[in-house]
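Asker: So that we are looking at the same thing, I have put the structure below in structure tokens.
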Amino acid sequence: MFFQIAIDGLLTGMVYALVASGLSLIWGVMDVLNFAHGEFLMLGMYVSYWLGFLMNLDPLISWIASGVFCFLLGVLTYKLIIQHTLSGPSLSALLATFGLSMMLKNIALNRFSPNFRILTGTLLDGKRIFLGNIVLPLPQLITSIFALVVVFIIYYIIKRTRLGWAIQATAMDKSAAELMGINTEKIFLLVFGLGGLCVGIAGGLLPSYLAVHPEVGGLFSLIAFVCVAMGGFGSIPGALLAALLIGLVEALSGFYIAPVFKYVAVFGLYLLIVMVRPKGLFGW
Amino acid sequence: MIKEDRKKQDLFWYVLVAILILIPFIPRVAANSFTQHVFILILLYASMSQAWNIIGGYCGQVSFGHSVFFGIGAYGAGMAIVKYGIVPWPGIVIGSLIATVVAVAISYPCFKLKGHYFAIATFAIVEIFNRLFMVWYWLNGALGLDYPMLKVGWKNFVWYKTKIPYYYGALILFVIIFGIVRFIERNRFGYYLKAVREDQETAEAVGINSAFIKLAAMALSAFLASFCGAFFVQYNFRVEPPMVMSLHVSMLFVLVTILGGVGTFFGPLLGAMILIPLQEYTRVYWGGLGSGVDLILFGFLIILIMVRQPKGIMGLINEFQNYRNRKRRRIISTEAEIN
């Protein structure tokens with residue numbers, strides 16, 4: 001039983017990792033907390049859901065559409081909102097994204113009603129793998145592995161490509177990066193887009209087993225914040241580790257203590273960790 | 001020059017309080033209880049945001065956890081009336097003491113964190129408290145506390161037919177909290193706060209015990225916040241965890257302060273004067289349909305304000321004053337040239 005729950009927790013943790021790595025990128029490069037991150041996820045889920053519902057596209061394909069959608073959403077958010085708030089105190093960017101999250105959530109409520117919606121009859125629906133006495137539902141498994149792969153790709157881009165080096169340079173010192181001929185405006189734009197892409201892909205895959213509703217993003221964005229802060233400033237491996245840990249703690253405490261206390265345990269763990277390491281696990 | 005500015009500010013403050021005392025006598029306000037409701041909320045949120053401003057603005061520690069203290073204050077008054085059937089006052093006092101103790105206990109470890117790390121830790125604290133209060137049987141859990149019918153008057157701090165006494169209650173709260181902040185602003189403590197905000201290391205180098213200053217500011221801020229919570233529940237006759245202890249509530253206090261001007265004396269009032277009517281009137285005109293149109297508009301307006309004026313309204317006013325001063329100086333210098 002313990003292993004079953006632990007594996008379920010880890011699978012959830014991998015999805016958290018993808019959501020958190022998008023946030024981590026934005027935070028690491030721009031020092032902006034994107035409050036609307038969960039709402040991007042929610043809209044990505046709706047894109048995938050409607051494609052599946054109206055056009056019979058499987059989430060295994062429609063993640064591309066929701067990824068592109070959220071990339072554009074991120075770019076637009078940067079162009080229309082974040083760019084203008086960077087001159088003020090760092091709080092104003094956060095509050096502007098808070099306004100955005102409120103707006104997006106209620107637009108979804110207005111357009112799609114508060115009903116919980118779930119995609120049925122997808123390719124993987126109801127299929128599962130048995131490993132001894134452990135059951136692995138295929139939709140969760142594929143989504144989580146996919147999420148993990150995307151996290152690794154993002155990490156590879158940051159560490160090994162010229163674009164990634166430019167992003168790192170911008171994160172370290174904006175004006176020095178500009179002197180080296182890096183167009184930091186463009187980097188910011190791209191980073192916001194990439195952050196959107198991450199949640200978009202996660203959102204595209206999730207509707208195969210998680211119900212979509214306008215409030216779905218709230219919890220995800222809170223957990224993503226905690227992952228990023230627990231992992232350390234802009235560190236993707238840190239966010240990954242923290243996300244796995246959070247998934248594990250959430251599942252285990254939900255089973256062994258009580259379901260109502262699972263998030264108390266998650267946030268309590270976070271507070272304990274930052275008390276010991278004030279800049280997160282991988283922070284410096 | 002500074003002294004002159006202060007005298008002007010003093011005069012402005014007294015005139016403002018006098019105007020606020022006279023507002024219920026305006027016939028249009030006296031006849032319309034919704035207008036009174038908006039004025040009450042403006043005063044309440046201005047006071048609450050000023051309480052936040054002590055730690056968030058003057059001391060520079062941006063906390064999103066103030067809904068916890070607001071909620072504890074609300075539950076203090078609520079428990080006294082609903083569970084124990086007595087007047088709210090002892091509950092308010094106990095609630096405020098508990099809020100202060102909780103604030104110190106939480107903040108002592110959290111003040112090690114900086115910037116966004118501190119902000120996220122306070123998010124986590126709000127969520128923890130929210131979930132604990134939701135299942136806490138003694139506090140009626142998610143059902144919340146519902147007020148029974150009570151005897152009207154200042155003893156119970158409850159009125160049903162009129163809102164005017166509530167207005168004066170909120171005004172008393174407003175004058176006390178703004179008065180305390182005004183006192184602090186000119187006091188040694190206020191300068192310590194600003195020193196810690198500007199540069200903690202330098203402040204420590206000149207002999208300020210920054211950890212103590214931050215804790216003291218947080219304790220004071222939470223203490224005052226709990227009174228606002230108590231007022232809220234007395235006005236609302238009902239309290240449940242999501243109503244007082246959620247991120248949304250915390251955000252509203254921060255928004256009001258940032259919008260008005262963070263770390264300024266009149267900022268919270270200006271912010272509340274704009275944000276609260278916006279919230280209430282959009283709710284009244286578009287909220288009844290249950291379609292979220294009011295919140296779409298509200299969110300859009302928040303974005304608009306943050307994009308157009310990231311430094312708040314006080315930033316705008318300061319710019320205007322600088323512009324005027326420069327003009328005046330130019331006139332003086334040209335006069336000198338002529339002579």
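Asker: Scan the range B:144-196 for chymotrypsin sites (Phe, Trp or Tyr not before Pro) in coil per DSSP, keeping those whose Cβ has at most 15 other Cβ atoms within 10 Å, and list them by number.
Answerer: Taking the range B:144-196 and a limit of 15 other Cβ atoms within 10 Å, the loop chymotrypsin sites (Phe, Trp or Tyr not before Pro) found are B:Trp154, B:Tyr160.
Asker: Rounded to the nearest 20 debye, what is the charge dipole size of the range A:2-276 about its Cα centre when +1 sits on each Lys and Arg Cβ and -1 on each Asp and Glu Cβ? Write down the numbers at each step before the final one.
Answerer: Numbers: 12 positive and 10 negative charges, 48 e Å.
Here the range A:2-276 has a charge dipole of around 240 debye.
Asker: How high is the FRET efficiency from B:Tyr281 to B:Asp146, r the C-beta distance, R0 45 Å, rounded to 0.05? It would help to have the intermediate numbers written out before the result.
Answerer: Values: r = 28 Å, r/R0 = 0.62.
Between B:Tyr281 and B:Asp146 the formula returns 0.95.
Asker: Separate question: Any idea which of A:Phe130, A:Ala169, A:Met30 is furthest toward the positive side of the dipole for the protein assembly as shown, if Lys and Arg beta-carbons carry +1 and Asp and Glu beta-carbons -1?
Answerer: With unit charges placed on the Cβ atoms, the residue in question is A:Met30.
Asker: Still on this structure, please answer the following. Pick out, in residue order, every one of the chymotrypsin sites (Phe, Trp or Tyr not before Pro) in the range A:80-182 that is DSSP loop and has at most 16 other C-beta atoms within 10 Å; say none if there are none.
Answerer: Working: sites: A:Phe98, A:Phe112, A:Phe116, A:Phe130, A:Phe146, A:Phe152, A:Tyr155, A:Tyr156, A:Trp165; in loops: A:Phe116.
When the chymotrypsin sites (Phe, Trp or Tyr not before Pro) of the range A:80-182 are filtered for loop state and at most 16 Cβ neighbours within 10 Å, A:Phe116 remain.
Asker: Under a plain spin-label model, where a point goes 7 Å from the Cα along Cα-to-Cβ, how far apart in nm are B:Lys8 and A:Glu178?
Answerer: Spacing of the two 7 Å Cα→Cβ label points: 3.4 nm.
Asker: Continuing with this model, one more query. Could you work out how far apart the two model spin labels at B:His248 and B:Ile94 are, taking each label as a point 7 Å from the Cα in the direction of the beta carbon, and quote it in nm?
Answerer: Placing both labels 7 Å beyond Cα along the Cβ direction yields 3.0 nm.
Asker: Work out the charge dipole of chain B with +1 on the Cβ of Lys and Arg and -1 on the Cβ of Asp and Glu about the Cα centre, then indicate which of B:Gly315, B:Ala77, B:Asn140 is farthest towards its positive end.
Answerer: B:Gly315
Asker: Work out from phi, with θ = phi - 60° and the Karplus expression 6.51 cos²θ - 1.76 cosθ + 1.60, the ³J(HN,Hα) of each residue of the range B:90-105, listed in order in whole Hz, and give x for Gly and Pro.
Answerer: x, x, 5, 5, 5, x, 5, 5, 4, 4, 5, 4, 4, 4, 5, 5
Asker: On to the next question. If amide H atoms are built 1.01 Å from N in the plane of the peptide, which residues on other chains or at least 5 residues away come under 5 Å of the amide H of A:Gly232?
Answerer: For A:Gly232, the qualifying residues are A:Leu281, A:Phe282.
Asker: Please compute, for peptide B:226-238, the average count of beta-carbon atoms on other protein chains lying within 10 Å of each residue's beta-carbon.
Answerer: Values: counts 0, 0, 0, 0, 0, 0, 0, 0, 0, 0, 0, 0, 0.
Mean shielding by partner chains, rounded to a whole number: 0.
Asker: While we're looking at this one, here's another question. Would you list, by chain and number, the lysines whose Cα falls below 24 Å from the Cα of A:Lys174, excluding same-chain residues fewer than 8 positions away?
Answerer: Straight-distance partners of A:Lys174: A:Lys79, A:Lys159, A:Lys186, A:Lys279, B:Lys114, B:Lys311.
Asker: Quick one: B:His37, B:His116, fewest Cβ neighbours within 10 Å first, how do they rank? Mind dumping the intermediate values first?
Answerer: Values: B:His37 16, B:His116 19.
Lowest to highest Cβ neighbour count: B:His37, B:His116.
Asker: Here is a follow-up. Mind listing the Cα extents of the protein assembly as shown along all three principal axes, in Å, largest one first?
Answerer: That works out to 81, 73, 49 Å along the principal axes.
Asker: Let me ask something additional. Give the distance, in whole Å, between the Cα centre of the range A:80-109 and the Cα centre of the range B:161-233.
Answerer: 28 Å
Asker: Another question about this same structure. Give the angle, between 0 and 90 degrees and rounded to the nearest 10, that separates the Cα long axis of helix A:236-256 from the longest principal axis of the Cα atoms of chain A.
Answerer: 30 degrees
Asker: Per residue of the range A:11-16, what does 6.51 cos²θ - 1.76 cosθ + 1.60 with θ = phi - 60° give for ³J(HN,Hα)? Whole Hz please, x for Gly and Pro, Karplus curve as stated.
Answerer: So the Karplus estimates, Gly and Pro as x, are 4, 4, x, 5, 5, 4 Hz.
Asker: For A:Met103, A:Met42, B:Met243, what's the fewest-to-most ordering of other Cβ within 10 Å of each Cβ?
Answerer: Values: A:Met103 22, A:Met42 28, B:Met243 17.
Ranking A:Met103, A:Met42, B:Met243 by Cβ neighbours within 10 Å, fewest first, gives B:Met243, A:Met103, A:Met42.
Asker: Something else: From the P(r) of the range A:147-264, could you give the percentage of C-alpha pairs in the tail past 17 Å?
Answerer: Values: 4528 of 6903 pairs.
Within the range A:147-264, distances greater than 17 Å cover 66 percent of Cα pairs.
Asker: Please state, as a whole number in µm²/s, the translational diffusion coefficient that the Stokes-Einstein equation yields for the range B:128-277 at 4 °C and 1.567 mPa s, with Rh defined as the Kirkwood radius across alpha carbon pairs.
Answerer: Working: Rh = 17.9 Å.
Taking Rh from Cα pairs, D becomes 72 µm²/s.
Asker: Right, here's the next one. What is the Rg over Rh value, at two decimals, for the range A:1-45, using alpha-carbon atoms and the Kirkwood definition of Rh?
Answerer: 1.14
Asker: Need one number: nm distance between label points at A:Tyr256 and B:Ala31, each 7 Å from Cα along Cα→Cβ, rounded to one decimal.
Answerer: Spacing of the two 7 Å Cα→Cβ label points: 6.8 nm.
Asker: Size of the dipole of chain B about the Cα centre, Lys and Arg at +1 and Asp and Glu at -1 on the beta carbon, nothing else charged, in debye to 20?
Answerer: Values: 29 positive and 16 negative charges, 127 e Å.
In debye, rounded to 20, chain B gives about 600.
Asker: Show the residues, 5+ positions off or on another chain, whose built amide H is closer than 5 Å to the amide H of B:Val158.
Answerer: Long-range HN contacts for B:Val158: B:Gly153.
Asker: Counting pairs of Cα atoms in the range B:1-158, how many percent are more than 20 Å apart?
Answerer: On the way: 8118 of 12403 pairs.
The proportion of pairs with Cα distances above 20 Å equals 65 percent.
Asker: Enumerate by residue number the trypsin sites (Lys or Arg not before Pro) in the range B:146-180 meeting two conditions: DSSP loop (anything except H, G, I, E, B), and at most 11 other Cβ atoms within 10 Å of the site's Cβ.
Answerer: Details: sites: B:Lys151, B:Lys155, B:Lys161, B:Lys163; in loops: B:Lys151, B:Lys155, B:Lys161, B:Lys163.
Those satisfying the criteria are B:Lys151, B:Lys155, B:Lys161.
Asker: Now for a different question. I need the Debye-formula profile for chain B: one equal scatterer per C-alpha, no solvent, reported as log10 I(q)/I(0) at q = 0.09, 0.10, 0.12, 0.16 1/Å, two decimals.
Answerer: -0.51, -0.63, -0.90, -1.54
Asker: I'd like the Karplus ³J(HN,Hα) series for the range B:218-231: coefficients 6.51, -1.76, 1.60, θ = phi - 60°, whole numbers in Hz, and an x wherever there's a Gly or Pro.
Answerer: Running phi through 6.51 cos²θ - 1.76 cosθ + 1.60 with θ = phi - 60° gives 5, 4, 4, 4, 5, 4, 5, 4, 5, 5, 5, x, 4, 4 Hz.
Asker: Per the Kirkwood formula on distinct C-alpha pairs, the Rh of chain A is how many angstrom? Walk me through the numbers on the way to the answer.
Answerer: Numbers: mean 1/r = 0.0523 Å⁻¹.
Final number for the Kirkwood radius of chain A is 19.1 Å.
Every number in this text was worked out from the coordinates using simple rules, so none of it is lab data. Model, not experiment: these values are computed from the prediction. Neighbour counts run over all protein chains shown; Cβ positions are idealised from the backbone, glycine included.
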